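In what follows, a single structure is set out as C-alpha cells and then discussed.
Bear in mind that the values in this text are calculations on the coordinates, not laboratory data. Only a predicted model underlies this, so the values are computations on that prediction, with no experimental measurement involved. FYI the Cβ positions are ideal-geometry reconstructions off the backbone, even for glycines, and counts take in every protein chain you see.
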Amino acid sequence: MTQKPLTGTQADVLDYISRYARREGRSPTVREIGDQFGITSPNGVSCHLKALQKKGYIAKAAVNSSRGIKIVVPPGHCPCCGQAITTTPGKKK
C-alpha cells in the first residue's frame, strides 16, 4: 500500500507526533500540537490530524482519548516522515 504524499505542514506535524511519542512514551494532545505550531484553534489541529489519518499515516486509538494518536508506518518506511527507506545491501556508509 502506498501512502499519499504529505504537505509540508502535515509532514512537520507527523514528525512532531513521532518525536514526542518517542521522547514521552505517549502521543501529544491536540492542544500540545497546536502550541507547537502556533495553531490556536483545536479545529485547525484536528483538520491536520484528519488529513494524516485519511492518508494512512496515523490512526486514532480511541475516540475520547486526548492522547489517542497512533503512528501507522508500513514496513520499510521512516517513522518520522513516512517516506520509503532505500538502502543498497552490502554497502557501508
So how far apart, in nm, are the two label points at Cys47 and Val72 if each is 7 Å from Cα heading toward Cβ?
2.2 nm
Return the FRET efficiency for the residue pair Asp12, Ser65: r is the Cβ-Cβ distance, R0 is 22 Å, and the value is rounded to the nearest 0.05.
0.45
Restricting attention to the range 2-67, which trypsin sites (Lys or Arg not before Pro) occupy a DSSP loop and are surrounded by at most 14 other Cβ atoms within 10 Å?
Arg26
Each label point is 7 Å from the Cα along the Cα-to-Cβ direction; what then is the distance between the points at Thr40 and Glu24, in nm?
2.2 nm
